[in-house]
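Notes follow the structure.
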Amino acid sequence: MKAVLMSAFGGVDVLCVGEAEKPNPAEGQVLVKVYATSINRPDLVQREGKYPPPAGDSEILGLEVAGVIEAVGAAVTGWQVGERVMTLVGGGGYAEFAVAYASHLMRIPESMSFEEAACVCESYITAFLNVFMIGEFRDSQSAILHGGGGGVNTAAIQLCRALTPASKLIVTASSAKMERVKEIGADFLINFQETADFTEVVKEFTDKKGVDLILDHVGAKYLAPNMNSLGYKGRLVVIGVISGIKAELNLALMMVKRQQIIGSVLRSRPVAEKGEIVAEFTRRALPKFADRSIVPIIEKVFGIDQVADAHRMMEEDKHFGKIVLKIQ
């Protein structure tokens, strides 16, 4: 099968399109003919040799796919060859065929294209998991979502607007992306290029109460202002550490305000646990995609032969929403 391969670990130049062995579905898995996948930041980290796939998963890049079931493995029930599906994969998305666990599949609504469906699993499920399942975000609460122009945070904004319409969203974004972030539902914007410590502006916006939830992928640099911006019983959910992994923490403040710091990743979770997350997302969020209340935001669709250009766009942070790789 055709697939994106790597000649070594490194920059975008290590990516090339070649031939790889077509996978076979194991028990509990299906084989998906991939029509589209998307570029996610962990793909770049894996390309650099810093984020190996879980044991047993494909070494080929790609964490989500949209396509058609090509074959069904043993012990799989409820799924048929020819069904349009979107799914998380532990690896292997940048290829013509990929294997996925049946418990991780979702049927693509008739209203969605393969390119749109390729955007859903990694970013929207990550946002849903961390904002609603772990962060326990509810209507009428307030949140800070960092990095408003990226895939996970644009997904989080859209999910909050659809599932908790009365919530208040503070979003940090670059000056180039602030207007688009506002258009998709941010209530208050902070330009992170101009405001390193956002504590005071958050307190002013929340009438000194602080926010109920913060979704953060920045890490060390933002720990202190994040904790200072959290209100009583506030939750900080950390899903990335692009600014570093070590920072000082005021434990007394955390104790007095009964705050929580929660670390979270999706890829390395056990198969059964991912299945439970997918099932909850299917129940609560997928109907919003079917009725077009949520429409995945696509910056650009690249062909598989343009994979280096797609990675370069993400590295340069020139995208808003998702970057899609069309396979078929």
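Which one of Tyr222, Gly148, Ser174 has its Cα pushed farthest toward the positive end of the charge dipole of the range 124-263, where Lys and Arg give +1 and Asp and Glu give -1 at the Cβ? Projecting each Cα onto the dipole axis, the largest value belongs to Tyr222.
Just how large is the dipole of the range 39-91 about the Cα centre, in debye to the nearest 20, putting +1 at every Lys and Arg Cβ and -1 at every Asp and Glu Cβ? Write out the running numbers ahead of the final one.
Working: 4 positive and 7 negative charges, 26 e Å.
My answer is approximately 120 debye.
Sequence-distant contacts, meaning Cα pairs under 8 Å at least 6 residues apart, place the relative contact order of the range 279-328 at 40 percent. Between the listed residues Thr126, Leu159, Gln259, the Cα displaced farthest toward the positive end of the dipole of the range 124-263, a dipole computed from Cβ unit charges relative to the Cα centre, is found at Gln259. From the square roots a ≥ b ≥ c of the eigenvalues of the alpha-carbon gyration tensor of the range 45-177, which class results: rounded (a/c under 1.5), prolate (a/b over b/c), or oblate? Judged from the Cα gyration tensor, the range 45-177 comes out prolate (a/c at least 1.5, a/b above b/c). Label positions at Ala252 and Ala166, each projected 7 Å from the Cα along the C-beta direction, are separated by 3.8 nm.
When only C-alpha pairs under 8 Å and at least 6 residues apart count, what is the relative contact order of the chain, in percent?
Values: 728 pairs, mean separation 61.7, N = 328.
Here the relative contact order equals 19 percent.
Give, as ranges by residue number, the residues of the range 92-134 whose backbone N falls under 15 Å from the point 7 Å along Cα→Cβ of Ala279. The answer is 102-106, whose backbone nitrogens lie closer than 15 Å to the label point. With the Cα gyration tensor of the range 124-263 giving a ≥ b ≥ c as the square roots of its eigenvalues, does the rule (a/c under 1.5 for rounded; else a/b larger than b/c for prolate; else oblate) give rounded, prolate or oblate? Because its axes are fairly even, with a/c under 1.5, the range 124-263 counts as rounded.
All of the numbers you see were taken from the coordinates with simple rules; none came from a lab. Quantities reported herein were computed from a predicted structural model and do not represent experimental measurements. Here Cβ is always computed from backbone atoms with ideal geometry, including for glycine, and neighbour counts include all displayed protein chains.
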